[in-house]
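S.K.: Sharing a structure below in structure tokens format, with a few things to ask.
The values are calculated or read from the model by the stated rules, or taken from the named source; none is laboratory data. Keep in mind it's a predicted model, so treat the numbers as computed, not measured. Cβ placement follows ideal geometry from the backbone for every residue including glycine, while neighbour counts extend to all protein chains displayed.
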Amino acid sequence: MHAIIWKPLRTFSLLCLPILLIFSATTLHSDTEDSWEMLESEHFQIYYQPDETHPQDIADIAEDFYPHLNRLLDGIEIGKIEIWMCKTQKQFQAAAHAPIQDWAVGCAFPLSRRIVIQNPRVIIDRKFQLSQVLRHEIVHIAFGQRTKSTIGDIPLWFIEGIAIYLSGEWAPHRHDVMFEHILSRSIIPLSDLTERFPIPERGAQLAYAESLNAVAWLVKIAGEEKLWEVIDLLGEGHDLNTAYKQALGWDLATFDAEWQASLSQRYYWAALFSNSYLFWGSLGLVFILVYLLRRRRIRRRLVELEQQESQVDPFFRQDNQS
């Protein structure tokens with residue numbers, strides 16, 4: 001799970017989205033027991049503590065991914081991105097300046113170009129891939145830099161959907177999460193994921209899954225260039241509602257409704273199971289169809305047997321009898 005810190009005036013959410021409390025290196029340095037070292041690469045500065053992390057591995061992952069940001073940054077020079085590797089949960093919480101949930105492993109400060117992540121061992125223990133966490137947070141930085149003038153008003157579901165989609169995260173469990181909640185008819189409208197995600201991890205997992213699903217559906221129905229058109233419009237200072245209307249011809253409310261309607265079509269069997277009358281009615285029709293087909297085969301076989309019995313075997317004909 002990831003966290004973002006963007007701007008003032010929004011209420012705290014589990015993703016720390018609402019408040020941009022400028023993260024300062026002095027916060028991490030305030031603990032006299034901490035001794036930070038820094039490894040610098042072409043686009044990143046990796047801050048770490050000796051014997052706790054592998055800074056070169058972090059730098060390699062980050063630099064390998066950086067060329068994938070070319071389209072998103074669109075020629076913008078953003079300066080070097082700081083990546084702070086925290087040794088403990090306490091240090092991670094202090095660095096974030098926000099009540100991040102215990103299951104969060106990364107936090108991005110897009111406007112100040114800083115990423116704070118848990119110790120890689122913690123990330124691995126929680127069954128996350130370090131490369132995915134880093135790519136996700138790096139996309140947050142790039143997207144925030146590209147949309148500085150409007151980032152505070154962009155719905156959280158779109159921000160997270162973009163980060164997951166453009167970072168190329170492969171998380172098949174999100175399909176299972178979507179299926180489960182379509183089955184239980186508990187999908188959260190995108191309009192309810194504008195400023196915050198649910199605090200419990202289970203609810204947050206659904207919010208992340210929906211965010212990716214909504215962005216991926218936009219690409220499916222309109223093409224990836226339309227997604228980039230939306231991002232370009234955001235970069236020009238338009239809000240997301242205006243960007244959607246100009247690029248897609250839909251406002252956000254229409255997109256939300258159409259996306260929700262599409263779920264029952266794309267997850268047909270989940271929709272079938274979610275309606276008990278439809279499910280049992282369909283199941284009954286299947287049994288009736290199977291019964292009729294089987295009965296037809298039996299009748300056909302009986303007719304064949306009757307025809308065979310009506311014919312006299314040549315051996316028993318009169319001219320063959322002794």
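S.K.: Among Ile124, Ile117, which is the only one that is modelled with pLDDT under 90, of a type in the set (Val, Ile, Thr), within 21 Å of Phe44 (Cβ to Cβ) and crowded, with 21+ Cβ neighbours inside 10 Å?
M.R.: Ile117
S.K.: So Phe65 passes all but one of these: (1) of a type in the set (A, V, I, L, M, F, W, C); (2) buried (at least 17 other Cβ atoms within 10 Å of the Cβ); (3) outside any helix (DSSP H, G or I). Which condition number does it fail?
M.R.: Condition not satisfied by Phe65: (3).
S.K.: Continuing with this model, one more query. Can you tell me which of (1) free of Cβ contacts under 8 Å to residues at least 12 places away in the same chain; (2) touching a strand residue (DSSP E or B) at 6+ places or on another chain (Cβ under 6 Å) is the one Ile141 doesn't meet?
M.R.: All conditions are met except number (1).
S.K.: Related question: Looking at (1) under 24 Å from Leu130 (Cα atoms); (2) assigned to a helix (DSSP H, G or I), which is the one condition that is false for Glu169?
M.R.: In the conditions (1) under 24 Å from Leu130 (Cα atoms); (2) assigned to a helix (DSSP H, G or I), Glu169 misses (2) alone.
S.K.: Among the residues of the range 81-89, is any modelled with pLDDT of 90 or more, among the acidic types (Asp, Glu) and more than 25 Å from the chain's Cα centre (by Cα)?
M.R.: no
S.K.: A follow-up question, please. Could you check, for the range 161-182, whether at least one of its residues is at positive phi and either touching a strand residue (DSSP E or B) at 6+ places or on another chain (Cβ under 9 Å) or of a type in the set (Lys, Arg) (or both)?
M.R.: no
S.K.: Taking the range 188-220 on its own, how many of its residues are in contact with a Leu (Cβ under 9 Å, 6 or more places away or on another chain), touching a residue at least 24 places away in the same chain (Cβ under 8 Å) and of a type outside the set (Phe, Trp, Tyr)?
M.R.: The number of residues fulfilling the criteria is 18.
S.K.: Of the conditions (1) at pLDDT 95 or above; (2) polar (S, T, N, Q); (3) closer than 19 Å to Tyr267 by Cβ, Ser186 satisfies every one except a single condition; which number is it?
M.R.: So Ser186 meets the others, but not (1).
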